């Protein structure tokens, strides 16, 4: 126990925590920026192949992180199409991989939320003469708390995955080492207190975020119905 | 004036068979028929929510959307206060100083004390009255009601009917779909009887109930719904 507590006081551990949060939050930011409008557009749009897009999007929610890591690795490696950016084994590459990983989650969940609301609101809004962008904004505003849940699901996935960041980040000490890759490494090295300490911090962060989201949604439910 | 409303050989898939009729200003019109007869679809065709498969729906005049309102069987409320729901409708209609008008509408339906409550936590009857307040605020020339009391208890139904009468008294043309004979008698001046997507009969309420002109209507009134 004493060993465990002393681990929590190491500055190195907190550097790792901060980098993990920076990477995952950036990825969530980018994925939300693209995923929310994409989900909303698929929800209200009518175009050929729409069903196929929805099936694909739902399937991509289960994208294996190592496969995404491999694809981004190939993309960013010297010989790859984006090799000249020199991003491989940097936090930038990790953000990119996680963005790709969670984009389908955010897009698919927001698509569902917007589509359900749209089905309910459509006739009433048209009856009031509200159409197009204004109708879309009204619906988006009304499902904003469901969208928050979609974004949090993405964050949960990003902060918990190890495969993608391991491959494209390389788990370089002080540069690309994050919580999950450290836990994997330290466990295999036999340094269980550090691995355990990080594990506790990771679970703590995820718990706090979800509790916050839950309370916010509850409060919103009471306030707005 | 956007009335009268003319339907010329309007059909919709196989739900509404080609149908021609004219709805004039004045008397309250009840669209009566069994479940699945096509009442709701007919009303949506009139209100312009769906386009006819063939034929034409013709209003007389311009700014047609703004001058009609519809209240649905299940009210759809936005996630905001009761008052804000009415204000939203007014602003969508281009009204600038919407707040006082919205408040007056809530008073009219007896919901002023719930103005700041979230609309979605109101009871079914209250939500339906709120839907009527939203329509009231717009001062529509025509109000379409699609079985507005179908899922309400008797006391909530009475309150809704009182508001519908107020619409009628204020000069709004009421067009209401119902399968409730009592309600048709209480609120209607004339009946359009729909059976299997066809307009079978059109008559003043009194005559319709005393001397129905078709066997289908007679059976419906007696409670023997012909299903074949």
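Just so you know, all these numbers are worked out from the coordinates, no wet-lab data involved. Since this is a predicted model, take the numbers as computed values, not measurements. Don't worry about glycine lacking a Cβ; one is built from the backbone with ideal geometry, like all the others, and counts go over all protein chains shown.
Could you tell me how many cubic angstrom of Cα convex hull volume region A:11-224 has per residue?
134
Packing, as the average of other Cβ atoms within 10 Å across residues, places the peptides B:110-121, B:212-223 in the order B:110-121, B:212-223, highest first.
Report, in deg cm²/dmol and to the nearest 500, the calculated mean residue ellipticity at 222 nm for chain B, where each DSSP H run with n ≥ 4 adds -39500 (n - 2.57) and the sum is divided by the residue count. Display every interim value, and only then the final one.
On the way: 8 runs with 82 residues, N = 228.
That comes out to -10500 deg cm²/dmol.
Just so you know, the Cα atoms of region A:50-118 work out to an Rg and Dmax of 14.7, 46 Å. When you restrict to C-alpha pairs under 8 Å that are six or more residues apart and normalise by the size of chain B, the relative contact order lands at 27 percent. In percent, how large is the relative contact order of region A:1-92, given Cα pairs closer than 8 Å and 6 or more residues apart? That works out to 15 percent. The distance separating the Cα centre of region A:137-172 from that of region A:17-59 comes to 9 Å.
Rounded to the nearest 10 degrees, the inclination of helix A:179-189 to the longest alpha-carbon principal axis of chain A is 30 degrees. Among the residues of B:27-37, the average count of other protein chain beta-carbon atoms within 10 Å of the residue beta-carbon is 0.
Shielding of peptide B:121-127 by partners, expressed as the average count of other chain Cβ atoms within 10 Å per residue Cβ, is 1. Working ranking of peptides B:36-49, A:114-127 by packing, defined as the average number of other Cβ atoms within 10 Å per residue, highest first, is B:36-49, A:114-127. In this calculation the C-beta distance from residue A:211 to residue A:5 is compared with R0 = 30 Å, giving a FRET efficiency of 0.80.
Distance between the 7 Å Cα→Cβ label points at residue B:99 and residue A:60: 4.6 nm. With all distinct Cα pairs included, what does the Kirkwood hydrodynamic radius of chain B come out to in Å, to one decimal, could you say? Hydrodynamic radius (Kirkwood, Cα only) of chain B equals 18.0 Å.
When the Gaussian network model of chain B links Cα atoms closer than 10 Å, the mean-square fluctuations of B:130, B:32, B:58 top out at B:58. Averaging over all projection directions, the Cα-based convex hull of the protein assembly as shown occupies 29.3 nm² in the image plane.
Peptide B:77-84 has a mean shielding of 5, counted as Cβ atoms of other protein chains within 10 Å of each residue's Cβ. Between region B:1-29 and region A:195-211, the alpha-carbon centres lie 64 Å apart.
Of the residues A:105, A:16, A:203, the one that moves most in a GNM of chain A with alpha-carbon contacts below 10 Å is A:203.
Between the helical axis of A:132-142 and the dominant principal axis of chain A, each derived from Cα atoms, what acute angle in degrees is found, rounded to the nearest 10? Here the helix axis deviates by roughly 60 degrees. Note on chain B: with a GNM built from Cα contacts shorter than 10 Å, the maximum mean-square fluctuation among B:126, B:159, B:95 falls on B:95. Of all beta bridges that DSSP places with both ends in the protein assembly as shown, some 50 percent have antiparallel geometry. Calculate how steeply helix A:192-224 sits against the longest principal axis of the alpha-carbon atoms of chain A, using the helix alpha-carbon long axis, and give the answer as 0 to 90 degrees to the nearest 10. Its long axis makes an angle of about 20 degrees.
Each label point was placed 7 Å from the Cα along the Cα-to-Cβ direction; for residue B:158 and residue A:51 their separation is 5.1 nm. Coordinate range of the alpha-carbon atoms in region B:88-210 per principal axis, descending: 46, 30, 25 Å.
At 222 nm, what helix-only mean residue ellipticity would chain A give, in deg cm²/dmol to the nearest 500, using -39500 (n - 2.57) for each DSSP H run of four or more? My calculation for chain A gives -27000 deg cm²/dmol from helical runs alone.
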